[in-house]
Structure formats: structure tokens, C-alpha cells
Amino acid sequence: MKRLLFAILCALPVFAGIDGTMVNKTTGAPQPGVILQLLQPTQQGLQTIGTVRSDAAGKFHFDQEPAGPKLVQAIYAGVLYTHMIPPGTPTSGVEVPIYDVTKDRAAVKLAEHMILLQPSASELSVSETFIFQNGGTKTFNDSSAGSARFQALGDLKQSPSVSITPPGGMPITRPTEPDKAKNAYRVDYPVMPGETRFDVTYTIPATDPLEVSAKVLEPSAPLHLVVPNGVTLKGDNLESNGQEPTTQAVIYTFKGKDFHVQVVGTGAIPSSGGDGSSQAADTGQPQIAEATPRLYDRMGLILGLTFGVLLLGSILLWRSGSAKPAKGDR
């Protein structure tokens, strides 16, 4: 009987909790003294299951192991890191990466900058995307200056909606902060090694004629302006790049620091149907608890952001493909 009981107990390692190591990818060594939380997504938001601290060898262990998806969050040098543990993946030997921090803006590069304009008779819907590349081994974090900066194309009645997709993570929401110039904003969020994407959406009232102006606060990469088929842009320093094949959206490139364009016509990018709503709801489930309560209050903005993100992603693929020489064409 004792042997049978021992065999049964040995057959239950799945309930042994979650363990792993904090690894500082800047130094390449285990990181001691880091506070970690085990969290589980619920309909009410993220529920904290347990809190531990990594030991002298960087090791950590949670006694609990909730069913379903879960994630480990670690705070290091003022930056919050999130490591997801999907169902069915190992919960022993989990490696949670963290990085040292730098305020040197040269650590990040603006790889892509796009603005999608969708005018109607009453308003102009704006979706602006920044894609930053961090090719180093330190996280860029400067709270006073922010990471992404932009100037809205007009006066706003409410703050812009911002969605951020960190490397290998799910989109989360973050607030904007007013910057020095009129209608200028900044977003305070650390840019970790890898690719981080900032998606900003807002609306402004439509005028007749519809003209928009702004300063390009992130001029290190060319600005691409995108409009639906049937809408045209008029202004200086604009170069037409043709149409994106899937949506027939028209793409322009603007080179300069200040742009003033006239938007002629109305139109919207066709949506993909019912699947988009479901995806938007899942995508909006934040990894940071404070964003949860206001999620469904702004579902319209989230849906618009989702379609804008899908369009801009297809444009990136189209641009990268069209930039390659057509060798072997027959």
C-alpha cells in the first residue's frame, strides 16, 4: 500500500507549481532579487496567484499552477516584463528574460512610420503607426521624453487611443501625455530589444475643404500616408507609390518635417467581416490590469484600430516585396 501511494504521488508532477530562472540578457547571467508575480487572465481582469523573489542564483518557484493560460510578470530597473505560459507548454525550467536600461535614444531606430486617413462627411479617422527596432541588449526607457511622439492633425475632444505590441507579446493599451507643442503627445513605454509597435487612433471633425497639417516629430524614417481607394491627397513633397493590391489603398511617401495636405473625397478601408470583431475583443484583453475596466467603453476605436493594423501590416509586406528585384520573371 505504501508503494502504491508513493507511485501515485510521483505521478502528479503537473501540480508541482512553476519554476524557472531570471536571466539578464544584457549581462548573460542569472539575476537575483527580482520580484515576480504569477497572473491568470479572467473575465474580471488579471488575477494575482502568487508573488516571489528570485534567489541568489536567479531561481524562482511558485507553489501554485493554475489551469489554462498564465503569465509571469517581473519588475526590473523600473520596467515591467511579461512572459506568457500558454496551455500545454512546460512549466518547469521557465526562462524569464530581462534587460538593463538605457536612456540613450540611439539605442532604438524608427523603422516604419505610417498614417492611415479615412475621411467621411462628418469626421476624419486617423490611425498612426510607429515601428521601433531595438537591436541592442538594453531596454530604452526615458519617462520624461517618452518613446513615441506625434502631433495630432487637429484639435481632439478626447485623448488618442494607443495600443502597443512589445516583442513577442500581445497588444496592451497605454495613455498619452501632452507634449510641449500644440496638439502634440508622447507615449511613455519602454522599448525592449526586438520590435515594438505603437498604434495610435483618433478622430477629428471634417471641414470643407479638408486640410490637415502637422510636424513630424519622429523624422528619422520616411512618413507613408495611406488613404482608401477613391481618396486623393494634394500637397508638397508628396510622392505617390501606387496601390496596395488587397485593399486598393493608395500610398504616398512624404519627406520632410512639416506637412500640409488636402484630403479630397471620402472612403474607408473595407473590413474583413465578423471575424474582426472577435479578434479585436481578444486582442484588447490587456496584459496590464489597469487597462481592463475601460475596454468595452471604447470598442469602436478598438475595432477601427484593428482594421488599420491589418491594413498597415499588409502594406509592409507589399512594400518589402515590391522592393526586391523581379529576377526570374518570365
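The values are calculated or read from the model by the stated rules, or taken from the named source; none is laboratory data. Keep in mind it's a predicted model, so treat the numbers as computed, not measured. Here the Cβ is made from the backbone with ideal geometry for all residues, glycine too, and neighbour counts use every protein chain on show.
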Which residues, taken from the range 180-205, are in a loop (DSSP other than H, G, I, E, B) and either surrounded by fewer than 17 Cβ atoms within 10 Å (Cβ to Cβ) or without any contact (Cβ under 8 Å) to a residue 24 or more places away in the chain (or both)?
LYS180, ALA181, LYS182, ASP188
If we ask which residues in the range 235-259 are surrounded by 13 or more Cβ atoms within 10 Å (Cβ to Cβ) and either outside the structural domain of GLU123 (by TED's automatic domain parsing) or under 23 Å from THR207 (Cα atoms) (or both), their number turns out to be 10
Can you tell me which residues in the range 89-118 are in contact (Cβ under 8 Å) with a residue 12 or more places away in the chain and hydroxyl-bearing (Ser, Thr, Tyr)?
THR91, SER92, TYR99, THR102
So how many residues does the range 129-161 have that are part of a strand (DSSP E or B), among the hydrophobic types (A, V, I, L, M, F, W, C) and touching a helix residue (DSSP H, G or I) at 6+ places or on another chain (Cβ under 9 Å)?
2
Out of all the residues in the range 239-259, which are outside any strand (DSSP E or B) and closer than 17 Å to GLU218 by Cα?
LYS255, GLY256, LYS257
Pull up the range 206-238, narrow it to residues that are β-branched (Val, Ile, Thr) and part of a strand (DSSP E or B), then point me to the one that is farthest from the chain's Cα centre (by Cα).
THR232
Quick check on my filter: what residues within the range 162-179 are outside any loop (DSSP other than H, G, I, E, B), more than 15 Å from VAL79 (Cβ to Cβ) and out of contact with any helix residue (DSSP H, G or I) (no Cβ under 8 Å at 6 or more places or on another chain)?
VAL162, THR165, GLU177, PRO178
